[in-house]
Structures are given as C-alpha cells and as structure tokens.
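Trainee: For reference, the structure I am asking about is given below.
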Amino acid sequence: MKTVAVIDRFSDQDTAVILVESIQKEFVVKQTALPPEAKPHDYLDVEIIDQTLKIIGINHEETTAQKTNIKDKMAKLRAKNKGVSRRRR
Amino acid sequence: MLKRWLWPLVMVLLLLSGCGTTMDSTDGDKDNNDKTEEVVTDVDENDKDVDETTSDKTDESAPAESGDDEEATLPVDEGNAEKENTETDGTNASIQTTGDMLVHFIDVGQGDSILIETTSGNVLVDAGNWNGRAVIDYLNDRGISHIDLMIATHPDADHIGQMPLILEALTVDEVWMNGVESTSKTFENTINLILEKDIVYYEPEVGDGIDFGDVAIDVLGPITRTNDANKDSIVTQVTHGAVEVMLTGDAGVKEEASLINRFGDRLVSDILKLGHHGSNTSTSQAFLDAVNPEAVIISASENNSYGHPHKEVVERLVTAGVDVYQTSQHGDIVFRSDGARIELINANDYPTTPVVPSNESRTTTNDQQDETTTPPAASPVPDVSEEETSALKENSACVDINTASKEQLMTIIHIGEERADQLMQLRPFDSIDQLTRIKGIAAGRLKDIKAENIACVR
C-alpha cells in the first residue's frame, strides 16, 4: 500500500520516528535509511508491505503544503487569544 | 453563641474588681467588647486562624532538608491559604484536604504525561503517545472531565499524542505550547480543536507562572529558542509549599546547563522527571546535582526502540542514591503532597533501583526498522529475591556501617557522598533499620538497602 508518512522527529541513537497516521502505525528507523536531505517534519512517500515500511522519497509537495497550512493556522491561533491567558504576569 | 457567655463573664469580672478602679474596668470592658465583636463578626478570620494553625503544624513536621525552600515559599503559601479560604469558604472537612496535591506520572508506554490535581484545578503536562489511549483512559477512570491548563512541552507525537482525544472529550480552558510547529496530523488536529473550541492558547516565557490555589507552576524554560522541538521544551517547576517537582520535557544537557546558570539553587526539587525518558541527551551530572532530587521518574516503555534509560544516566542515578521510579516497571506512579512533604501513594510494588534495558541486539540493528506497535518480546527484568541475595552474600564481607570507610559506604545503594558523610556523623548504629536516621532514607530506600544485603552491623 502506497501512502504518505511524516518524519515526526529525530531521536537519539540516530533514529528517526516516522508516523503513518492514515493507518495509525509508527516506525522507528535509522536516519541513514532516509533520503540524505530529509529533515524532521518532512513528508515522505512510503509503501507498506507486510507490515514493513519502504521509503520511496521525500514528498516535497505535501511537505510544503502542510508547512504552509500549519503556519497559517498557528498565526490564527496566536492572533486570536492574545492576552487572555490566566497566567500570572 | 460566644457573645452570650462573654457578657456574664464581663459582669463577673466587674463585680470582682468592685469597680474600684474605674479606668481599669472600663479598659477591661472595652477589651471584652472588642473581642466579642471580633468573634461575632469575623467568622472567616476564625477559620483562617484554624487553617494557619494547621499549616504551621505541618510545616513543623517538614523534613529538615527542605528548610531553605520552606522559608522561600512560605509567604506565597500564606497568601494562597488566605485566598483559598475566601474562595472555598470551606467546612472543617475541606480544610483537612485543601492543601493536598496529587501528581500522577501516567504509564503511557514510550512518552510522557503528568497529571497534577489540585483542589483548585487540574493541569496536564503532555498527553502520551499518539497511537495509544492511556491518558484519556486514565482521566476517564478518575472521573476527570475538565482540564484547567494543558501544557504540551513540545509538539513531538510522544508528548502531544492524545491531545486531540482529550480536547475532543473533555473541557479544557487553556493550552500552552512551545511554539515549534510540527507538521503531523496529530499536531494539526490538536491546533484545529484549540481553534474550533475557542480554547485559550499561549506560548509561555521564562518568568511566567500560574497558580491553582496554593500550587504554583513556574516556567523556567526554554531560556533560548532554537526552533528545535526537544531543546525548546517548556520546563516547569511545580511548587506546593515546601514541595517541588521539576518537569523538563525532552530538554537536553545544554538546556540543563542554561537552567543551572540562570536559576542555580532554585532548581532544587523533591522529584525530577528525567528529561527525554532517561536518554543520555539529558540528565547531566551537574543537573542532577543542581536539582538534587529525592526521587526521579523515567517515563518510558520497556524495551523501547531508543534504549531508554541509557546506562550512563542510570549509573549517575545509582551513585546519587535517588529513588528511581520507572513507568515501565512501576506503572502509574502517584505522589501526594500536603505542602510540607511529598509521598508515594501508588505504584507497582517494585524496587526503586533502576533497570537498564537489555538492548544490545537493538543497537546493532543498524538499518533495521523497528515498528513500535509490535515491540520485541520483553526480556524479563531480573528481580533477585531477598533470600537469594542473602544466601549469596551471607558469608562474604559486608560493609559494616559502623566502621566502613566513606568509599565503602558509597557502594551501598542509595548512599552517595552526602549521605555517607551524614552516616559517619550519626554513628554508631545498632541495626540497619536505624539508617532511617539519615536524611532522605525512609522505609522505601531502607527496603532496597536490605534487599541489596551489602550493609551490615557487626
């Protein structure tokens, strides 16, 4: 099955955590198994074969689209609630 | 009611004094009048006195080691006690429990989630891993339907994981995040819900804080922003009277160094949740020394893909002689604080000596992928029974706590340099049981010391 996955984070021991959120699966791979320019929060084209993950490459289109989408929403969030926190100062 | 018996008392006093000295009796009368008025009109004041007496009493029973913190936190405590009284207008029963704070380190597998329950609100710091339900189930089991403040230390999926589920099912007043933007659907679903439900959103800075009754949550980090999720973790210190709990998310050793430089002695806390699940990217010796905790929590799953907790961290913990609680062994770990001391009230019965995962095969798997939904078979954790250890070591040289050198003493579990010094000052000991005379050693650690069977009295 071909789908997209996101690099959620790089962790220690040179690992990368990849989420295939469409099927609720998480894979921990060595960073060396990723395309060399891949970074956390990038989207990948992947294929799941018999419960194993095959990385096809970075999905630049999805990466850019999702980054823009999140950026817009965060801007909305930050603008919306300014100054109403219960915080002390 | 008091007024009724005070008047006859005044009359008796007047008769006894025989009105000979008018000035005196008038003064007495005035005093009594004042007093009567005070008792009748100021019921709240009376309640407050009761409360203050109670807190004084608890403060006295505070462990000596927290004396410094106690001094620093008392004014805050008093102020809040007053506030609490006016707010709750409580009965005697509520006065008894007003001060209690519960801190739950929820067993979420590989991830973090800490619930802080106070009488004035619930705070959730992180929400477990994205593909689990442990946090939402735990909250439901406890009948918690409202979260006053939800802090996501950083947007990695093992920390914000179940935020969408919680935001959907519970009412949440306010969410704090560190501002790093993830691109996962889990993160997107989280911010969608904050927007949709019109929840207050805030990115806290060092110096920010929020109070829930007599529980204060102070933001100590991130000190500098790097846009790296882990490094920018929101660091909070939870203060309840003389009790402090330090939560650092996944902040690393560099961030720990900045915290030491910025806050120094203020970092001292009773409990430290180890940064980054016990990874060697966090918990430097310097930070452990600076926080000087009684107990630490490692929130990680057994046989996880990252080898948490790492060996060097575990060694540091053993040398420091702290109680180590691991969600992988102890399950959900719950502490209760009365503002003077914090005690463990729930955890699986398991030694507080740290367990290093046997992950040799894992670290050599290089390009192998590790699907965490199907973890490798768990290797049983060695739990040497007391009898076995006794049999093994009965005739070998034990460390006589009355005569051993400092270095020898430090080979005993939970005895670091500081406690070894104390032990030597407190000599002689009649039995191992008397080790509880040492500051920081109570029943739990004594049990470990006995189980280890190295210490003895000849």
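Trainee: Exactly one of (1) touching a residue at least 60 places away in the same chain (Cβ under 8 Å); (2) at the interface with chain A (Cβ under 8 Å from one of its Cβ atoms) is unmet by B:Glu244. Its number?
Mentor: B:Glu244 satisfies all of (1) touching a residue at least 60 places away in the same chain (Cβ under 8 Å); (2) at the interface with chain A (Cβ under 8 Å from one of its Cβ atoms) except (2).
Trainee: Which one of B:Glu196, B:Glu203 is within 14 Å of A:Arg87 (Cβ to Cβ), without any contact (Cβ under 8 Å) to a residue 60 or more places away in the chain and of a type in the set (D, E, K, R)? Walk me through how you get there before you give the answer.
Mentor: Details: B:Glu196 fails: within 14 Å of A:Arg87 (Cβ to Cβ).
It is B:Glu203.
Trainee: Filter the range B:217-230 for residues that are within 13 Å of chain A (Cβ to nearest Cβ) and crowded, with 22+ Cβ neighbours inside 10 Å; which is nearest to the chain's Cα centre (by Cα)?
Mentor: Going through the qualifying residues, I end up with B:Ile217.
Trainee: Continuing with this model, one more query. Name every residue in the range B:327-343 that is touching a helix residue (DSSP H, G or I) at 6+ places or on another chain (Cβ under 7 Å) and more than 12 Å from B:Phe105 (Cβ to Cβ), in order of residue number.
Mentor: Listed by number, the residues that qualify are B:Asp338, B:Gly339, B:Ala340.
Trainee: Among B:Leu247, B:Leu259, which is the only one that is crowded, with 24+ Cβ neighbours inside 10 Å and within 12 Å of the chain's Cα centre (by Cα)? Show your work before the answer.
Mentor: Working: B:Leu259 fails: within 12 Å of the chain's Cα centre (by Cα).
Being crowded, with 24+ Cβ neighbours inside 10 Å and within 12 Å of the chain's Cα centre (by Cα) holds for just one of B:Leu247, B:Leu259, which is B:Leu247.
Trainee: Now, a different point. Quickly run through the range B:393-452 and pick out the residues that are among the small types (Gly, Ala, Ser), touching a residue at least 24 places away in the same chain (Cβ under 8 Å) and part of a loop (DSSP other than H, G, I, E, B). So that I can check it myself, show each step before the final result.
Mentor: Start the filter on the range B:393-452 by keeping residues that are among the small types (Gly, Ala, Ser), which leaves B:396-397, B:404-405, B:416, B:420, B:431, B:440, B:442-444, B:451.
With the extra rule that they be touching a residue at least 24 places away in the same chain (Cβ under 8 Å), the set shrinks to B:416, B:431, B:440, B:444, B:451.
Within the range B:393-452, B:Gly416, B:Ser431, B:Gly440 meet the criteria.
Trainee: Is at least one residue of the range B:129-148 within 13 Å of chain A (Cβ to nearest Cβ), within 30 Å of B:Ala242 (Cβ to Cβ) and surrounded by fewer than 24 Cβ atoms within 10 Å (Cβ to Cβ)? Give the derivation first.
Mentor: Within the range B:129-148, the first condition is being within 13 Å of chain A (Cβ to nearest Cβ), and the residues that meet it are B:129-133, B:147-148.
Filter again for within 30 Å of B:Ala242 (Cβ to Cβ), leaving B:147-148.
Then drop every residue that is not surrounded by fewer than 24 Cβ atoms within 10 Å (Cβ to Cβ), which leaves B:147-148.
Yes - at least one qualifying residue is present in the range B:129-148.
Trainee: Separate question: Condition test on B:Glu188, is it more than 9 Å from every other protein chain (Cβ to nearest Cβ) and closer than 24 Å to B:Asn129 by Cα?
Mentor: On the way: more than 9 Å from every other protein chain (Cβ to nearest Cβ): no; closer than 24 Å to B:Asn129 by Cα: yes.
No: the conditions fail for B:Glu188.
Trainee: Another one. If you take just the helices (runs of 4 or more DSSP H) that sit entirely in the range B:256-366, which of them hold at least 2 residues that are within 14 Å of another protein chain (Cβ to nearest Cβ) and over 21 Å from B:Lys231 (Cβ atoms)?
Mentor: On the way: elements: B:285-291, B:311-320, B:327-330, B:360-363.
Once the helices (runs of 4 or more DSSP H) in the range B:256-366 are filtered for at least 2 residues that are within 14 Å of another protein chain (Cβ to nearest Cβ) and over 21 Å from B:Lys231 (Cβ atoms), what remains is B:360-363.
Trainee: In the set B:Thr372, B:Thr352, B:Thr319, which member is at pLDDT 75 or above and under 22 Å from B:Gly111 (Cα atoms)? Talk me through it step by step, then tell me what you get.
Mentor: Details: B:Thr372 fails: at pLDDT 75 or above; B:Thr319 fails: under 22 Å from B:Gly111 (Cα atoms).
Result: B:Thr352 is the single residue among B:Thr372, B:Thr352, B:Thr319 that is at pLDDT 75 or above and under 22 Å from B:Gly111 (Cα atoms).
Trainee: Return yes when B:Ser145 is in contact with an Asp or Glu (Cβ under 8 Å, 6 or more places away or on another chain) and either of a type in the set (Gly, Ala, Ser) or more than 23 Å from A:His41 (Cα to Cα) (or both) and no when it is not.
Mentor: Values: in contact with an Asp or Glu (Cβ under 8 Å, 6 or more places away or on another chain): no; either of a type in the set (Gly, Ala, Ser) or more than 23 Å from A:His41 (Cα to Cα) (or both): yes.
Answer is no for this residue.
Trainee: A further question on this structure: What number goes with the only condition from (1) closer than 24 Å to B:Gln237 by Cα; (2) surrounded by 20 or more Cβ atoms within 10 Å (Cβ to Cβ) that B:Asp332 does not pass?
Mentor: (2)
Trainee: From the residues in the range B:390-410 that are over 16 Å from B:Phe429 (Cβ atoms) and at pLDDT 75 or above, which one is surrounded by the most Cβ atoms within 10 Å (Cβ to Cβ)? I'd like the intermediate steps shown before the answer.
Mentor: Start the filter on the range B:390-410 by keeping residues that are over 16 Å from B:Phe429 (Cβ atoms), which leaves B:390-397, B:407, B:410.
Narrowing the set further to residues that are at pLDDT 75 or above leaves B:407, B:410.
Values: B:Glu407: 9, B:Met410: 17.
Top of the filtered list is B:Met410.
The values are calculated or read from the model by the stated rules, or taken from the named source; none is laboratory data. Nothing here was measured: the structure is a model prediction, and the numbers come from that model. Don't worry about glycine lacking a Cβ; one is built from the backbone with ideal geometry, like all the others, and counts go over all protein chains shown.
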